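Note sheet for the following structure.
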Amino acid sequence: MINVTQPFLPDFNEYTSLIQGIWERKWLTNNGPLVNELELKLKEHLSVNHLLYLSNGTVALQIAIKALDLKGEIITTPFSYVATTSSIVWEGCKPVFVDIHPATFNIDPDKIEQAISSNTSAILATHVFGNPCEIEKIQAIADRHKIKVIYDAAHAFGTKYHNRSLFDYGDISTTSFHATKLFHTIEGGAVITPQKHLLEIMAWLRNFGHHGPEEFRAVGINGKNSEFHAAMGIINLRHISEILSKRKELSLIYDQRLEGLNVSRQRISPNCTYNYSYYPIVFESEAHLLKSLAELNSNRIFPRRYFWPSLNTISYTRGQQQMPISEDISSRILCLPLYHTMTEAEVHLVARLLLRAQNN
Ligand SMILES: *Cc1c(COP(=O)(O)O)cnc(C)c1O
């Protein structure tokens, strides 16, 4: 069986060597030494100043929205994972969708301003598949209207934009270290901000609003993560360059093997070093996609329809404007299997089956 992804697992003994210390210290969670070590190592690795390790990427989004005290409407993209939209709704705000650009799959900055109203408090955009949004345009709009910017950077680990981590943009960037992501801590996530005061607020929010053992400064949540998860992160970080280069290598083999396939690709920003976090292809039509998917599935190969359906069509957001580009791309896009232990022969097989489905 070949799934869309398979989590990276380090050598078992490498992992247990860190777990041993947890037994000795008997400190399992609540900002333990491994959590602190992971935060330090991530800040070093990413060259960012303020980062908090959290229980997952969804809580990261909720904490970011809460920390910026966002109210009313938040402008966002219909082409992302559902957590981008559901976090906005969960925090009592209204998602206002702006359609994506057909080449980049990211929110189209030229359509943002017409969606801004007096109730707009922020823009929440996703760097889709690790491809940077048009950051300068988005920031200029936000500055002009005095609204905040959050990036859902769940796919962005390892992407650099103008030689800086893609996490280093916007008021807050959130990310996920879920097992399906290219850098993972089993479950996990983080918030990154250039603003020290926001980090302080998010640190209370992560820990029930505690300010010392008996004082509560804000309505908080439990967004903490454990020593066991941090241990997986510390170890996986040691292997990150190997993970990134393997994904690039496999992606280039796909490119080569799929030359005769009638599909289009995402346009990656020229100003970035890309992380090859996904391998999306866009078919001519949904019918073509379904035919290819059936061919792959019958050979026990399971790509995923990221992202389908378009988020403006789900039950709790329906009734808003149609998003023709997002709805169209959503219906035709497929992410092919891509993971560290995938073999060249498996990439060849997937490619061969796709070409066979096309030419049959
Ligand atoms: C994975 C993902 C999330 C959610 O992260 P979790 O850690 O699974 O909660 C949010 N947004 C995007 C774009 C994602 O891909």
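Shape verdict for the chain, please, from the Cα gyration tensor: rounded (a/c under 1.5), prolate (a/b greater than b/c) or oblate. Oblate shape, in that a/c is at least 1.5 and b/c is the bigger or equal ratio.
Per-residue ellipticity at 222 nm from helix content only, as computed over the chain with -39500 (n - 2.57) for each DSSP H run of at least four residues, stands at -12000 deg cm²/dmol. What the phi angles of the stretch 158-167 give under the Karplus curve with 6.51, -1.76 and 1.60, with θ = phi - 60°, is a coupling list of x, 7, 10, 10, 6, 6, 10, 3, 5, 5 Hz, glycine and proline written as x.
The Cα center of the stretch 67-94 and the Cα center of the stretch 185-216 differ in position by 19 Å. Along the chain, counting only GluC sites (Glu not before Pro) with a DSSP assignment other than H, G, I, E or B and at most 12 other Cβ atoms inside a 10 Å radius, the longest segment between sites is 1-213.
Classify the stretch 240-359: rounded, prolate or oblate, from the alpha-carbon gyration tensor (a ≥ b ≥ c, eigenvalue square roots; a/c under 1.5 rounded; otherwise prolate if a/b is larger than b/c)? Here the stretch 240-359 falls in the oblate category. Of the trypsin sites (Lys or Arg not before Pro) found in the stretch 142-198, those in coil by DSSP whose Cβ has at most 10 other Cβ atoms within 10 Å are K146. At a 1.4 Å probe, what is the % contribution of carbon and sulfur to the accessible area of the stretch 1-128? In the stretch 1-128, the share of accessible area belonging to carbon and sulfur is 53 percent. Beyond 29 Å in Cα-Cα separation lie the following of the pairs K71/K111; K43/K224; K66/K160; K26/K246; K137/K246; K41/K224: K26/K246; K137/K246.
Mind putting a number on the dipole of the chain about its Cα centre? Charges go on the C-beta only, +1 for Lys and Arg and -1 for Asp and Glu, and I need it in Debye to the nearest 20.
Using only the charged Cβ atoms, the result is roughly 220 debye.
Sum up the charges of everything whose Cβ sits under 11 Å from the Cβ of D328, counting Lys and Arg as +1 and Asp and Glu as -1, but leave D328 out. Net charge in that neighbourhood comes out at -2. Calculated on the alpha-carbon coordinates, the convex hull of the stretch 227-302 measures out at 153 cubic angstrom per residue. Once the Cβ-Cβ distance of Q195 and S47 is raised to the sixth power relative to R0 = 25 Å, the FRET efficiency obtained is 0.95.
A Stokes-Einstein calculation at 20 °C with viscosity 1.002 mPa s, built on the Kirkwood radius of the stretch 88-136 over Cα pairs, returns a diffusion coefficient of 181 µm²/s. Of the residues S165, P324, T120, the one whose Cα sits farthest towards the positive end of the charge dipole of the chain is P324 (charges of +1 on Lys and Arg Cβ, -1 on Asp and Glu Cβ, taken about the Cα centre).
Modelled spin-label separation between R356 and E91, with each label point placed 7 Å from Cα along the Cα-to-Cβ direction: 4.8 nm. Less than 12 Å Cβ to Cβ from N225, Lys/Arg counted +1 and Asp/Glu -1: what total charge do the surrounding residues give? Residues near N225 contribute -1 overall. Length gained on full extension, S285 to H145: 46.5 nm, using 0.36 nm per residue less the C-alpha separation. Rounded to the nearest 20 debye, the dipole magnitude of the stretch 45-191 is 180 debye, with +1 charges on Lys and Arg beta carbons, -1 on Asp and Glu beta carbons, and the Cα centre as origin.
In the stretch 73-198, the C-alpha radius of gyration followed by the widest Cα-Cα span (Dmax) gives 13.8, 41 angstrom.
The values are calculated or read from the model by the stated rules, or taken from the named source; none is laboratory data. All values derive from a computational prediction rather than experimental measurement. FYI the Cβ positions are ideal-geometry reconstructions off the backbone, even for glycines, and counts take in every protein chain you see. Note: accessible area is taken over every heavy atom of the protein model, side chains too, but ligands, DNA and RNA are not part of it. Shrake-Rupley method; radii C 1.70, N 1.55, O 1.52, S 1.80 Å.
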